[in-house]
Amino acid sequence: MSIVLIFKGDASPWRELLVKKLPNEVIEIHPDVKNKDAVRFALCWKPEKDILLEYKNLEVVQSLGAGVDHILETQTLDQKTKLTRLVDTNLSHDMWEYLLVAVLQYIKNIAAYRNDQRHQTWKPQRYRTIQETHVSIMGLGKIGEYVARKFTELGFTVSGWSASRKDIAGVKSYTKEELDAFLNSTEILINVLPLTPDTKGILNKELFGKLKQHAYIISVGRGDHLVERDLLEALDAEMLSGAMLDVFAEEPLPKNHPFWNHPKITITPHVASLTNFDSAIDFIVENYRRMLSGQPLLHVVSQEKGY
Ligand code: NDP
Ligand code: OXD
């Protein structure tokens, strides 16, 4: 029985940590695997298309991140294989810190001043306080709910949109069917949805048109949530006032991409919240032990829903 790590990028630091926690197990990095039929547990990050078909006896495919789109879009999993994802308070908390920065820099006009500085322009503008600010969060899952609670605690007005209704103190919850009402009250839109066939392209022209005039977009979900051309058009038409984006349809963002030099777009390189080595390893080991002992796995993804 063995574990395989299948990563885009260097898997060796993760292997070293796993070997320390599970010294008696065979832990290999794809493609250097002696006996693929012995592998029952795969830890994956952006695996190449259909690579898992080489592993016939897989029981668990564990995503190294919260998102599983990188697996569901590229692999065909059979009935007996469970897909699990990472759920970690550190991941939610780090996302909260990033989103707080994103909102504060916007309400205090920091991006505008950075542009003004380039042109030696002295142009004071009114800022908003936290008490005057409403944030609207698409996705109230493990991360979105945590973030919503934190914004509420700080004194922001908070709304959230999710498939089902939520009962989160201080947060106005809208369901899937109530999207228009949610958007109509939105001035700062935070996207922390998972990427599924349902949510692909959701940040589009039609949606932008339903937001309050000059709304601001913050997207940390996935690049394919956004129709890039629609964002550029909405910014040029001053329908939106700006955007802060951490995720892109193509990563790294190509050198010639129009987002790079757009004065109303702030870019970060998919770093809003990074998987924490220590807590993620404990979580992975726990799920591996559960698989061995036949106990229910933690955070199994519904392959039907895609999250
Ligand atoms: P969860 O699966 O816990 O939550 C997903 C939320 O989205 C749920 O509230 C769900 O509603 C809602 N949702 C899903 N589909 C729809 C839909 N069609 N309409 C309305 N609501 C919908 O995910 P996490 O919170 O753990 O993570 C969310 C995403 O954040 C990840 O998939 C990943 O893409 C991204 N991420 C990005 C990072 C970064 O660094 N940029 C880091 C970590 C995550 P309901 O609860 O009713 O089912
Ligand atoms: C994740 C991510 O899904 O880092 O965890 O994007």
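The values are calculated or read from the model by the stated rules, or taken from the named source; none is laboratory data. Because the structure is a prediction, the values reported are computed rather than measured. Glycine also receives a Cβ, built like all others from the backbone with ideal geometry; neighbour counts cover every protein chain displayed. Only protein heavy atoms, including side chains, enter the accessible area calculation; ligands, DNA and RNA are left aside. Shrake-Rupley method; radii C 1.70, N 1.55, O 1.52, S 1.80 Å.
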| request: Tell me the label-point distance for the pair residue 178, residue 29, using the 7 Å Cα-to-Cβ offset, in nm and rounded to one decimal. | output: 4.9 nm
| task | Please list the helices of the chain that count as membrane-span-like by this rule: a mean Kyte-Doolittle hydropathy of at least -0.5 together with Cα atoms stretching 20 Å or more along the helix axis, each helix being a complete DSSP H run. | result | 89-107, 277-293
| message | Can you give me the long-range amide H partners of residue 62? Hydrogens built in the peptide plane at 1.01 Å from N, cutoff under 5 Å, separation of 5 or more residues or another chain. | response | 42, 43, 44, 84
| said: Quick one: 3J(HN,Hα) in Hz for segment 261-273, Karplus 6.51/-1.76/1.60 with θ = phi - 60°, rounded, Gly and Pro as x. | reply: 9, 6, x, 9, 10, 10, 10, 10, x, 6, 10, 3, 8
| Going 7 Å from the Cα of residue 89 in the Cα-to-Cβ direction, what parts of segment 155-176 have a backbone nitrogen less than 18 Å from that spot? | 169
| query | In deg cm²/dmol and to the nearest 500, what is the mean residue ellipticity at 222 nm of the chain if only DSSP H runs of at least 4 residues count, each as -39500 (n - 2.57), divided by the residue total? | reply | -9000 deg cm²/dmol
| query | Measuring with a 1.4 Å probe in the full set of protein chains, what accessible area per residue, in whole Å², belongs to the chain? | reply | 51 Å²
| request: Using a 1.4 angstrom probe on heavy atoms only, work out the carbon and sulfur share of the accessible area of the chain in %. | output: 51 percent
| message | Taking 8 Å as the Cα distance limit and 6 or more residues as the minimum spacing, I'd like the relative contact order of the chain as a percentage. | response | 16 percent
| task | Work out the length of the dipole vector of segment 189-265 about its Cα centre, built from +1 on the beta-carbon of each Lys and Arg and -1 on the beta-carbon of each Asp and Glu, and round it to the nearest 20 debye. | result | 140 debye
| Non-local amide H neighbours of residue 188 (under 5 Å, H modeled in plane, Pro and chain starts lacking H): which ones? | 136, 216
| request: Give the residue from 63, 130, 77 lying farthest towards the positive end of the charge dipole for segment 58-142; charges sit on Cβ (+1 for Lys and Arg, -1 for Asp and Glu) and the dipole is referred to the Cα centre. | output: 130
| field | Under 16 Å from the residue 204 label point (7 Å along Cα→beta-carbon), backbone N, segment 162-194 | value | 179-180
| query | Using a basic spin-label model with each label point 7 Å from the Cα along Cα→Cβ, how many nm lie between residue 134 and residue 54? | reply | 5.3 nm
| query | For the peptides 87-94, 174-181, what is the packing order when you average, over each peptide's residues, the other Cβ atoms within 10 Å and list the highest mean first? | reply | 87-94, 174-181
| task | Taking the Cβ of residue 288 as the centre, find all other residues whose Cβ is under 15 Å away and add up their charges (Lys, Arg: +1; Asp, Glu: -1). | result | +3
| remark: Given 103-114, 239-250, 14-25, 185-196, the highest-first ranking by average Cβ count within 10 Å works out to 185-196, 239-250, 103-114, 14-25
| task | Please state the charge dipole magnitude for segment 35-100, taken about the Cα centre, from unit charges on C-beta atoms (+1 on K and R, -1 on D and E), reported in debye and rounded to the nearest 20. | result | 280 debye
| Within a Cβ distance under 11 Å of residue 80, other residues only, what is the Lys/Arg minus Asp/Glu net charge? | +1
| request: Rank 151, 91, 247 by how far each Cα sits towards the positive end of the charge dipole of the chain (+1 on Lys, Arg Cβ; -1 on Asp, Glu Cβ) and give me just the farthest. | output: 151
| query | Going 7 Å from the Cα of residue 290 toward and past its Cβ, which residues in segment 53-92 have a backbone nitrogen under 13 Å from where you end up? | reply | 60-63, 82-88
| Dipole size in debye (nearest 20) for the chain around its Cα centre, Lys and Arg Cβ +1, Asp and Glu Cβ -1? | 420 debye
| query | Where a ≥ b ≥ c are the square roots of the eigenvalues of the C-alpha gyration tensor, would you call segment 1-53 rounded, which needs a/c under 1.5, or, failing that, prolate if a/b is larger than b/c, or oblate? | reply | oblate
